[in-house]
Amino acid sequence: MLETLSRWTLGEGPNAEYVVSSRVRLARNLKDYSFPHLLNREQAQEIIDEVQDITAQSFSTYQLREYDDLGLQVLIEKHLISLLLAEQKHNSALVIGDDDSASIMVNEEDHFRLQSIMPGLELRKGLYQVQHLDNLLEEHLEFAFSEQIGYLTACPTNVGTGLRASVMLHLPALVMTGQIGPVLSTLSKFGVVVRGLYGEGTEALGNLFQISNQITLGSEEEEIISNLELITNKIIEQEKLARKKLTHDALLRLEDRVGRALGTLTNARIINSAEAMKHLSDVRLGIDLGIISDIPAKAFNELLLLMQPAMLQALERKKLTAMERDIKRASVIREHLSKRMEGR
Amino acid sequence: MVCEQCQQRKATVHLTRIINGEKTESHLCEMCAAESGDMGWMMEPTFSIHSLLGGLLDVEQGTLKRKETRCSHCGQSYRDFTERGLFGCSSCYETFSSQIPPLLRRVQGTMEHRGKVPVRAEGMVKVKRQLEQLRRELEEAVINEEYELAAKLRDHLKTLEKQVEGEK
Ligand SMILES: [Zn+2]
Ligand SMILES: [Zn+2]
């Protein structure tokens, strides 16, 4: 589970040029147990054992207390568990299918967080996956539910459907053309939360943004998904227009930028994650626009995961200092790109 | 600038998170930044929801001081909730039922679940939703003076209402 790549790095699926991955999760709780932060070890284990029994046919259960810090960090980087689940490792577990796109975090903030993560814009498939899991659990367990306000959760921000859906978007052209701010601030008025991670200056790290639904109560699950899908498609439209404008008005500059980025990634011997993210984003844009033709798009998604600090240490099978990580990162990127260029 | 986390090394990673136009900045050294996990932020939109809620919930502190009710199942008080941002168990929603509506209106903007219902609870909830739908249609039919339709809807309503009574 630790050293293989996740399915979301396949770089395929609808609108994969803009959408790295789609996540859907449902929060569920048992009626007869206190919420996880108040459970003792035995009660927590009872819940884990029960869900393990129910899902044993097609899922495996991993007790998180059996993992060291590095192992847990890898699971976080693969987006399989949250920081909170790792912090509560003595009481928590991850239940996961053979195909790692569907899983359950047991005893996170709620007893169950059923989750799906897929490459591309696949919110609907994600919803079906988690609802299927929900139905399976529901046959055996009694969930905390109120007719009036729906599924009851530890935090009232998840009450109702317990549904949180999100997409991770790659929006380099909107950033380069300076339009990302207005686009995102306009959208945040339509019931979504927009998050980006910014480095120095105004450029987001890797030009990656996450959009998710803000409210979980008062709408049907399908409506929540449709709204997020609609907004995502609006953003994609704007990104497409910006890419068109860039190739029309500034092709040479763009080719220069993409070429330099690829040059750096294929030659650097020491590279920190901010710099690597920046150049990877440019290379991915170059692939999407046909400026680079000998690297498959999925190399970008794979490297997004492979270059993470814990992944690098898992590959090296030992703890690395910050400097050693930057060296390892540079070599992983060089090797991976040349492997993918040769079609391996 | 010194790293916020360890207060020792020089801060070289400057992160600005923008959530719904709200900017928060953090300045970390490379080591602390790496430890915080560059990609961790993509996991789940938590935007420190609990401290955010904490501020909103303080409004209700006034009512707390008078009587400190505790949930009979988990032993938590409403004050525990405002401090942590998490309820202790699902019974807390009943125990603190007077505080829940204003809370949910602030956090969610509504009080009415319209999504999935567990199969166990399904029958009754379905009928109730159907009742509401029929009442709306009936009102509309009356306004539009479609009396034949209205009569039909009224009959349907009565049958359903009897069904609900029977279940109680
Ligand atoms: Zn530090
Ligand atoms: Zn309680």
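Some notes on this structure:
- Of the GluC sites (Glu not before Pro) found in region B:88-122, those that fall in a DSSP loop while having at most 16 other beta-carbon atoms within 10 Å are B:GLU112.
- For region A:135-281, the Kirkwood estimate of the hydrodynamic radius, built from every pair of different alpha carbons, is 18.0 Å.
- These residues, A:ARG243, A:ARG65, go from largest to smallest accessible area, 1.4 Å probe, as A:ARG65, A:ARG243.
- With all protein chains in place and ligands, DNA and RNA left out, the 1.4 Å accessible area ranks B:LYS10, A:LYS318 as B:LYS10, A:LYS318, largest first.
- Residue list for region A:61-104, given a label point 7 angstrom along the Cα-to-Cβ vector of A:LYS319 and an amide N cut-off under 17 Å: A:67-74
- Simple spin-label estimate for B:SER97 and B:GLN163 in nanometres, 7 Å along Cα-Cβ: 2.5 nm
- Note on A:GLN57 and A:PHE190: the extension gain reaches 43.8 nm, defined as 0.36 nm multiplied by sequence separation minus the Cα-Cα distance.
- Candidates A:SER82, A:SER166, A:SER21, ranked by Gaussian network fluctuation over chain A, Cα under 10 Å, top entry: A:SER82
- With a 10 Å cut-off around each Cβ of A:215-227, the average count of Cβ atoms from other chains is 3.
- Among A:ALA250, A:ALA102, A:ALA274, residue whose mean-square fluctuation peaks in a GNM of chain A (springs only between Cα atoms under 10 Å): A:ALA250
- Each Cα pair under 8 Å and six or more residues apart adds its sequence gap; the mean of these over the residue count of region A:250-341 is a relative contact order of 37 percent.
- DSSP H segments from chain A that extend 18 Å or more along their own axis, Cα-based, with Kyte-Doolittle mean of -1.0 or above: A:41-55, A:123-140, A:221-249, A:251-267, A:273-288, A:322-341
- Chain A: calculated mean residue ellipticity at 222 nm from DSSP helix runs of at least 4, using -39500 (n - 2.57): -14500 deg cm²/dmol
- Excluding same-chain neighbours fewer than eight residues apart, the lysines reachable from A:LYS318 by a Cα-Cα span under 16 Å are A:LYS328.
- Peptides A:139-152, B:79-92 ranked from most to least packed by the mean count of surrounding Cβ atoms within 10 Å: B:79-92, A:139-152.
- Computed magnitude of the charge dipole of chain A (debye, nearest 20; Cβ of K, R +1, Cβ of D, E -1): 1580 debye
- Per-residue average of Cβ from other chains inside 10 Å of A:33-44: 3
- Convex hull volume per residue for region A:7-243, taking Cα atoms only, in Å³: 126 Å³
- Residue of A:THR186, A:THR264, A:THR161 that the Gaussian network model of chain A assigns the largest fluctuation, springs spanning Cα pairs under 10 Å: A:THR186
- With N counted as the residues of the protein assembly as shown, its alpha-carbon radius of gyration over 2.2 N^0.38 Å works out to 1.06.
- Residue pairs exceeding 29 angstrom between C-alpha atoms, taken from A:LYS31/A:LYS78; A:LYS125/A:LYS189; A:LYS125/A:LYS319; A:LYS298/B:LYS116: A:LYS31/A:LYS78; A:LYS125/A:LYS319; A:LYS298/B:LYS116.
- Counting every alpha-carbon pair across region A:250-341, the share separated by more than 20 Å comes to 30%.
- Shielding by partners - mean other protein chain Cβ count within 10 Å, residues of A:107-114: 1
- Euclidean distance between Cα centres, region A:172-191 to region A:240-287, Å: 20 Å
- Value of relative contact order over chain A, rounded to a whole percent, pairs C-alpha under 8 Å and six or more apart: 20 percent
- Annotation note: GluC sites (Glu not before Pro) in region A:9-89 located in DSSP loop regions with a Cβ neighbour count of at most 16 within 10 Å are A:GLU12.
- For A:LYS78, the accessible surface of its heavy atoms amounts to roughly 0 Å² (probe 1.4 Å, protein chains only, rounded to the nearest 10).
The values are calculated or read from the model by the stated rules, or taken from the named source; none is laboratory data. Fair warning: this is a prediction, and the values are worked out from it, not measured in the lab. Cβ sites come from the backbone with ideal geometry, for glycine too, and all protein chains shown count toward neighbours. Calculation scope for accessible area: heavy atoms of the full protein, side chains included, ligands and nucleic acids excluded. Shrake-Rupley method; radii C 1.70, N 1.55, O 1.52, S 1.80 Å.
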